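Structure first, commentary second.
The values are calculated or read from the model by the stated rules, or taken from the named source; none is laboratory data. This one's a predicted model, so the numbers in the text were calculated from it and none came from an experiment. For neighbour counting, all protein chains shown are included, and Cβ atoms are generated from backbone atoms with ideal geometry for every residue, glycine included. For accessibility, only protein heavy atoms count, side chains too; no ligands or nucleic acids. Shrake-Rupley method; radii C 1.70, N 1.55, O 1.52, S 1.80 Å.
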Amino acid sequence: MSARIPLRKRLLVRLLIASGLIAVCSVAATAWLAVETTTRALREEQGQVLADDMDVLARLSGYAATHPDWSGVRDTVRELSAKTGRRIALTTADRAPIADSAPRGTALPVSAAATVDPLRVDTYSERGAQLGGTDPRAVGPYRLTEAERTKVEGLARARQRCFARHGIDLTMTRTPSGRPVLTGADGSGDRAYVPDECADGLFNTPTPTERKALAALEKLAGDCLVRAGLDPAVPLFLGVDSTPAVRGVSDPPTFAKADADVRRAARPCLDRARRAQLDPYVAPAAHLFLGGGGDAPAVRFDMSAANKAKVVGAAGLVLAVTVAVTAVVATRLVRPLRALTEAARQPPERHVRVPVTTRDETGILAAAFNALTERRERLEVQRRAMVSDIAHELRTPLTNIRGWLEVTRDGVVDPDPALLAALHDEALVLQRVIDDLRDLADADAGTLRLHREPVRCDELLDQVAAAHRVAADAAGVVLRTTVEGEPWLDADPVRMRQALGNLVSNALRHTPADGTVTLAARPDGDDVLLEVTDTGTGIAPGDLPHVFDRFWRAEKSRSRRTGGSGLGLPIVRHLVAAHGGTAVARSEPGAGSVFTLRLPGASPR
C-alpha cells in the first residue's frame, strides 16, 4: 500500500464531502418544507378569509332583508368584527358611514369589498352556490300572520300524515315567510307523486295575505307587460296549486303553462315589480368595506430579490458552519488514527505505544493497539524462549548419543548391552520430546484428532493407575483411585489416558517416598471433575500461574532429575481444551498439589 493516500480517499476529505452533502440536502429539505408549509398555510388562510367574507356578506344581507333600514346594524357589525378579527364598515353609496368597527376617523380602504343589496343578490346561497336575484329572506308583504301560520302548519301536518300512510316520509321546514314546505329525502315534496287521498288542494291554497301580495305584484307588473306587448289579462301566475309562498318566496311567482317566448318576455317585468314591491320592507343598498384602511395595498407573500438573497445567505451560512464544525471534529478524529498508522508502520522490535487521549471509539482502538503491541512483545519473548528451550531439550540427548557413538567408534568403549541400553534411553527421551512438540503443534493448529466415545471414569482411572503402578512402587509412592457414583465422559479415551498419565507422572516425580498420589472422579452437574492429588513438595505461589507454560520448570537448573521436558502440563491443558474442558491447579508448598480437569459428562451406554 502506498504511503501517500490520494486526496479523494482521505478520511478528512470524505467527512467534509459527506457533511457538505448532508448540509445541502437538509437545507434544501428545510426550504422545501418551509415553502410548502407556508404556501399551504397561506391557501388555508385565504380560504378562511374568503369564507369569513362570505359569512359577513350573508349576515349583513340577511339583516337588510329583514329590516327596513340600517339603524340597528352596529351591534351586528361589532359581533362580526370580533368573530373574524377584521375591520367591517358599512357606508351609503356616497361613503357616508352607517356602521364601522374601527375607531371614528379611521380612513376607509380604497375600494369597497361588496355591495349589500338584498334585492340584487349574486353571492348568497344557503347551500354555498352563487345565485342571482332577491335575497330569499326578503319576504315583505308575503309574511303570514300568526293565525295563518298556525292554520297552514296544521294543513301541512295533515298532509304529512297522509303521505306517511302511503309509505312516503316527508320533512316539514318553514320558509322565511312562515309558510311550511314538505320535502322528501330526495329533495322532492308534494310536487312529486301525490296520492289522490292527499290531493285536497287545501295546503297549497294561498292565504289572504299571500293573495293580497300576489294581486299587488300583478298590478305592479301590469304596465311593464303592456309595454312588452303582452296582454295583462292573460293569467301568468299559477293560482291555487303552486303559489310562490308554497314553493318558497325565494323564487319569483311561477308562470302558468304559457308559451316560452311569453315567459321570457314577462320575466324582466316580474323581477322589477317584485323589487318594487319589496323595496319598502328592506334596507337601502350599502357599500361593505373589509380589512385595513388608507391607500396602503394589502400585504402579500413576495419572493423578492432581497428575500432570495436572505435565503441564499442563510443556506450558505449553515453550509459554512457545518463544514467548519465537521473539519474540526474530523481533524480530532483523524489525528489519533494517523498516530496509530505511524505506530503500526514501525519495525516489530520497536514496540511503539500510542498515547490514549480520549475515551471514545478511537481511544478504545488505541488501547487495543497498545494491548496488541504488549501481547506481541510477550509472544516474541516466549517464542525466543521456546526456541532456546527446544534447542536445549534436543541438544542434551543428541549430545549424549553422539558422545557414546564417537567413543565406541574410536574403540574406547565396547558396545556392550549397558551402552546400548543407555543409547536407547536417550533416543526415547528425544522421541518423547518430538512427540510432545508434535502434539502441541497439532493443538495450536486445531488439527488434533479426537475419537470421542462414552468413557467410564472408573475404568479410565484404573487403566492410568495400572500403567504407572510399577513407577509408583519403584518410587515408594502409594497410587490409588476413588470414584463417586458412576460418572461417564464424552471423550477420546487415548487422549484422556495421555493427559492423566502426564499428571500422574508429574505427581510421582515430585512426591517423596511414603507419599500418596490419588486419582479421583466425581460428577458436578452436567460436567465431570477428574482430580490428581499428591502429597509432594507443592508449588510456590509465584510459580503456580506458570505451571501450564511450555518448557517451564520450577527447577531453574533444568535438570531431568527434578523435572521432565516441560511440555507435559501444556499438553494436558491443550488436550482438555480440545474436549471443551478446563484445567486448573491448586497447591500449597510442603502440602502437595491438586490438578483438576473439568470435562463434559455423557450418558451411560
Problem - region 518-536, subset assigned to a loop (DSSP other than H, G, I, E, B) and touching a Ser or Thr at 6+ places or on another chain (Cβ under 8 Å), residue most open to solvent (accessible area, probe 1.4 Å) - result: Thr535
Exercise for the section: Output yes when any residue across region 385-402 is at pLDDT below 75, under 30 Å from Leu599 (Cβ atoms) and either in contact with a strand residue (DSSP E or B) (Cβ under 6 Å, 6 or more places away or on another chain) or of a type outside the set (A, V, I, L, M, F, W, C) (or both), and no when none is. Expected result: yes
Handout entry: Residue ID - modelled with the lowest pLDDT, chosen from residues in region 149-205 that are surrounded by 14 or more Cβ atoms within 10 Å (Cβ to Cβ), β-branched (Val, Ile, Thr) and not in a helix (DSSP H, G or I)
Key = Val194
Problem - Close pairs (7 angstrom Cβ cut-off, 6 or more residues apart or separate chains): under 21 Å from Ala507 (Cα atoms) in region 478-493, in a helix (DSSP H, G or I) and open to solvent by 30 Å² or more (accessible area, probe 1.4 Å) anywhere - result: Leu479/Arg469; Thr481/Asp462; Val483/Asp458
Exercise for the section: Hey, can you tell me all the residues within region 512-549 that are closer than 17 Å to Leu461 by Cα and under 55 Å from the mean Cα position of the chain (by Cα)? Expected result: Arg522, Pro523, Asp527, Val528, Leu529, Leu530
Fill in the blank from the handout: Across region 478-503, the tally of residues that are β-branched (Val, Ile, Thr) and out of contact with any strand residue (DSSP E or B) (no Cβ under 6 Å at 6 or more places or on another chain) stands at 1
Practice task
Output yes when any residue across region 84-100 is open to solvent by 80 Å² or more (accessible area, probe 1.4 Å) and in contact with a Lys or Arg (Cβ under 9 Å, 6 or more places away or on another chain), and no when none is.
Solution key: yes
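Quick check on my filter: what residues within region 152-179 are touching a Leu at 6+ places or on another chain (Cβ under 9 Å), farther than 23 Å from Asp135 by Cα, in contact (Cβ under 8 Å) with a residue 24 or more places away in the chain and not β-branched (Val, Ile, Thr)?
Result: Leu155, Ala156, Ala158, Arg159, Phe163.
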Practice task
Determine which single condition Arg78 fails, assuming it passes every other condition in (1) surrounded by 15 or more Cβ atoms within 10 Å (Cβ to Cβ); (2) of a type in the set (Lys, Arg); (3) outside any loop (DSSP other than H, G, I, E, B).
Solution key: (1)
Exercise for the section: Output the number of the condition that Arg59 fails; it satisfies all remaining conditions of (1) surrounded by 13 or more Cβ atoms within 10 Å (Cβ to Cβ); (2) modelled with pLDDT of 75 or more; (3) within 33 Å of the chain's Cα centre (by Cα). Expected result: (3)
Problem - Residues of region 267-278 that turn out to be open to solvent by 20 Å² or more (accessible area, probe 1.4 Å) and at pLDDT below 85, as a count - result: 3
Exercise for the section: Output the number of residues of region 135-151 satisfying the condition of being more than 60 Å from the chain's Cα centre (by Cα) and in contact (Cβ under 8 Å) with a residue 60 or more places away in the chain. Expected result: 9
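State all residues of region 206-242 that are of a type outside the set (A, V, I, L, M, F, W, C), open to solvent by less than 60 Å² (accessible area, probe 1.4 Å) and modelled with pLDDT of 75 or more; if no residue qualifies, say none.
Within region 206-242, the subset of a type outside the set (A, V, I, L, M, F, W, C) is 206-212, 218-219, 222-223, 227, 229, 231-232, 235, 239, 241-242.
Filter once more, keeping what is open to solvent by less than 60 Å² (accessible area, probe 1.4 Å): 206-207, 209-210, 222, 239, 242.
Correct list: Pro206, Thr207, Thr209, Glu210, Gly222.
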Fill in the blank from the handout: How many residues of region 403-433 are in contact (Cβ under 8 Å) with a residue 12 or more places away in the chain, open to solvent by 50 Å² or more (accessible area, probe 1.4 Å) and within 19 Å of Ala391 (Cβ to Cβ)? The answer is 1
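Quick one: which helices (runs of 4 or more DSSP H) lie wholly within region 452-517 and hold at least 2 residues that are polar (S, T, N, Q)?
493-509
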Fill in the blank from the handout: Scanning region 279-299 residue by residue, those over 19 Å from Thr84 (Cα atoms), at pLDDT below 75 and either open to solvent by 30 Å² or more (accessible area, probe 1.4 Å) or of a type in the set (Lys, Arg) (or both) turn out to be Asp295, Ala296, Pro297
